[in-house]
Every structure is written in C-alpha cells, then in structure tokens.
1. Return yes or no: is residue 72 open to solvent by 30 Å² or more (accessible area, probe 1.4 Å), within 11 Å of the ligand (Cβ to nearest atom) and of a type in the set (Val, Ile, Thr)?
2. Would you pick out the residues in the stretch 209-245 that are more than 15 Å from the chain's Cα centre (by Cα), touching a residue at least 60 places away in the same chain (Cβ under 8 Å) and either under 19 Å from residue 153 (Cβ atoms) or assigned to a helix (DSSP H, G or I) (or both)?
3. For the condition in contact with a strand residue (DSSP E or B) (Cβ under 9 Å, 6 or more places away or on another chain), assigned to a loop (DSSP other than H, G, I, E, B) and modelled with pLDDT of 95 or more, what is the one hit in 154, 181, 192?
4. Do we find that residue 63 is within 12 Å of the ligand (Cβ to nearest atom), under 21 Å from the mean Cα position of the chain (by Cα) and open to solvent by less than 50 Å² (accessible area, probe 1.4 Å) in this structure?
5. Scan the stretch 117-128 and give yes if some residue there is open to solvent by less than 60 Å² (accessible area, probe 1.4 Å), among the hydroxyl-bearing types (Ser, Thr, Tyr) and away from the ligand (no atom under 14 Å from the Cβ), otherwise no.
6. When you go through (1) surrounded by fewer than 17 Cβ atoms within 10 Å (Cβ to Cβ); (2) touching a strand residue (DSSP E or B) at 6+ places or on another chain (Cβ under 8 Å) one by one for residue 33, which number turns out not to apply?
7. For residue 267, all conditions in the list (1) surrounded by 12 or more Cβ atoms within 10 Å (Cβ to Cβ); (2) more than 15 Å from the ligand (Cβ to nearest atom); (3) at pLDDT below 95 hold save one; what is the number of the exception?
Amino acid sequence: MSRRRQPWPWQRALVTGASAGIGRAMARQLAVANVDLVLVARSGDQLEALAAELQAGDSGPSVEVLVADLSTPEGVDAVAARVVADQDPVDLVVNNAGLGYEGPLVDQDPSEVAETIGVNVVALVRLTHAAVGAMAGRGRGQVMLVSSMASLQGMPMTAVYAATKAFITSLGEGLYEELKGTGVVVTTVLPGLTRTEFHERGRWDLERWPSVGWQDADEVAAEALRAAAKSRPEVVTGRLNRFFAVLTSKSPRGLRRSLIGWAARRR
Ligand SMILES: NC(=O)c1ccc[n+]([C@@H]2O[C@H](COP(=O)([O-])OP(=O)(O)OC[C@H]3O[C@@H](n4cnc5c(N)ncnc54)[C@H](OP(=O)(O)O)[C@@H]3O)[C@@H](O)[C@H]2O)c1
C-alpha cells in the first residue's frame, strides 16, 4: 500500500464529533494526508459512511469507528480507553464534539444544560486528562481543544455555552505552559460563526446574529490543523474573528459587557 505525502506530524488522530461540521472536515483533511483515524460520535451510520468514503481505494488511511455518547459516563469511558490504548496509539486527540442551546437560562431545559456542560466540559476534560497522561508517557503527542470566539466574552442568551467555552480556552492556555518539556502540546482553536449543523441543533435564531463573517467548516478545519501542526498555543480562525479578538482584548470589560447586553436586548 503506497502512502501519500503526509504534511501533518501525526500518525493516528482521534476526532470527536466527526459525524458532522468541523470534526468531519478535519477528518477528511487528515485522511487526504493518510493520517489514520478514530472517528467518534453518536451517529454510527454517518461515521460508517464517512469511514467508507475515507478508506476508498487501496491507498487510504485505516479508519476506526467508535460510536459513543459523550454526555454519558459510559460513552466517555469508552473513548478514554481508546485514547490511552497502547495498540495503534493515537498521537492527536481532537476534542471537537460540542453543542450549545440558545435562549435565556430560565427557559432552558435542565437536561439540555447538563448535556452542554457534560459534552463541552466534563467529557473534554476527561479525554484531555487521559490523552496528556498517555502522551507524556510516550514523550510526544498533541491535543486540540475546539473552543469558540464565545469564550472571550460572557454572552447573554448563550450564557452557559459561552461559559463552557471560556472554561476550554482557559484550560488550554494553562495546559500549554504546564506541558512544556513533556513533548505534549495543547492547541486551542477559537472559531467564530461557522456554517454547520450546530445552530439548528441548538435552536439558534440566526436572524439575531450577524450575517457577515461566517466561515465554512473546511476553512476552520484547515486553519486549526495548520496551527496545531506548528504547535501554536491558540488560533482564532478567520480574519474578521481575529480583528474582533484583538478589539475584545483592548476594550474595558465593563464597557464590553454593557454593549453586548444592550445589543442582545435590542435583537
Ligand atoms: N458552528 C459554529 O458556529 C461554531 C463556532 C464556534 C465553535 N464551534 C465549536 O465547534 C465544535 C464543532 O461544532 P460544529 O459547528 O461542527 O457542530 P455540528 O455540525 O453540530 O457537529 C457537532 C458534532 O458533535 C457531535 N456531538 C454532539 N453531541 C455529542 C455527544 N453527546 N456525544 C458525541 N458526539 C456528540 C455530533 O455528532 P452526533 O450528533 O452524531 O453525536 C457532531 O459530530 C463544537 O465544539 C462547537 O462548540 C462551532
């Protein structure tokens, strides 16, 4: 079996949330470069179809499908076990699976609040913990944390989602420094509005959000993988998002909070 050029520094990547959106785009881009894959999500049929697509021909990568619900302890255990496995070890873990519901907290279903925190925070921490332990033992490896521009600012109407993402950005920043010298790198990715299934799943009213500055999942995936391959601590994807990230960092927190609150009330 002839292997194609491999521009990425990884042999095998585990991607959570690989059945749709940004995770599926990352899986496709990694597969083109013949990085072997472990695809994780709940939708087994979609993962199997993607695996068949990526393995097409006799020179494609090897692709495993791992069906798991990351909002449950059993699902997280199954994925953590694969992350630490010594056989066919994984040297890139992409913590991408995530969700967020729009609406005032008082109107939200407690089970959906728990699901958001469970997938975005609890599962992500557990898989990151498992990955950095196994990778530090081997002296190399990489973890990607898919956060959001929403992590830079408290967000009315998506307050729980934004808070889970603030947790992720903070976690990634701390771990990047903590792991220096171990051979393990954590890269945090901050996409802005991206065309995927995310908003429909979370019942977002897109009339309330800007129509400019959107990215495609392929663009976000490419920027994220490039930043990770360069061992960057953090990447904000998209030029407009980078402009807003700088603006956010330079403006007084109270002013930002008031402006965002005012804008949310007007919408
Ligand atoms: N789209 C945006 O505008 C945007 C902006 C900033 C950040 N992000 C972040 O980017 C990441 C990917 O989102 P996306 O836009 O690609 O969304 P998406 O199209 O809705 O895809 C979400 C993925 O997560 C998986 N997932 C959701 N709940 C899961 C669970 N309980 N267990 C296992 N897998 C689960 C889904 O698979 P199954 O349903 O098959 O399980 C799917 O593969 C998320 O972390 C999101 O917060 C997105």
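The values are calculated or read from the model by the stated rules, or taken from the named source; none is laboratory data. The structure presented is a predicted model; accordingly, all values stated were derived computationally and were not measured. Positions of Cβ are backbone-derived with ideal geometry, glycine not excepted, and every protein chain shown enters the neighbour counts. The area values use the complete protein model at the heavy-atom level, side chains included, leaving out ligands, DNA and RNA. Shrake-Rupley method; radii C 1.70, N 1.55, O 1.52, S 1.80 Å.
1. Taking the combined requirement at face value, the residue satisfies it.
2. Answer for the stretch 209-245, where residues must be more than 15 Å from the chain's Cα centre (by Cα), touching a residue at least 60 places away in the same chain (Cβ under 8 Å) and either under 19 Å from residue 153 (Cβ atoms) or assigned to a helix (DSSP H, G or I) (or both): 229, 241, 244, 245.
3. Working: 154 fails: in contact with a strand residue (DSSP E or B) (Cβ under 9 Å, 6 or more places away or on another chain); 181 fails: in contact with a strand residue (DSSP E or B) (Cβ under 9 Å, 6 or more places away or on another chain).
That would be 192, the only listed residue that is in contact with a strand residue (DSSP E or B) (Cβ under 9 Å, 6 or more places away or on another chain), assigned to a loop (DSSP other than H, G, I, E, B) and modelled with pLDDT of 95 or more.
4. On the way: within 12 Å of the ligand (Cβ to nearest atom): no; under 21 Å from the mean Cα position of the chain (by Cα): yes; open to solvent by less than 50 Å² (accessible area, probe 1.4 Å): yes.
No, not satisfied.
5. No.
6. Every listed condition holds for residue 33 apart from (2).
7. Of (1) surrounded by 12 or more Cβ atoms within 10 Å (Cβ to Cβ); (2) more than 15 Å from the ligand (Cβ to nearest atom); (3) at pLDDT below 95, only one is false for residue 267: (1).
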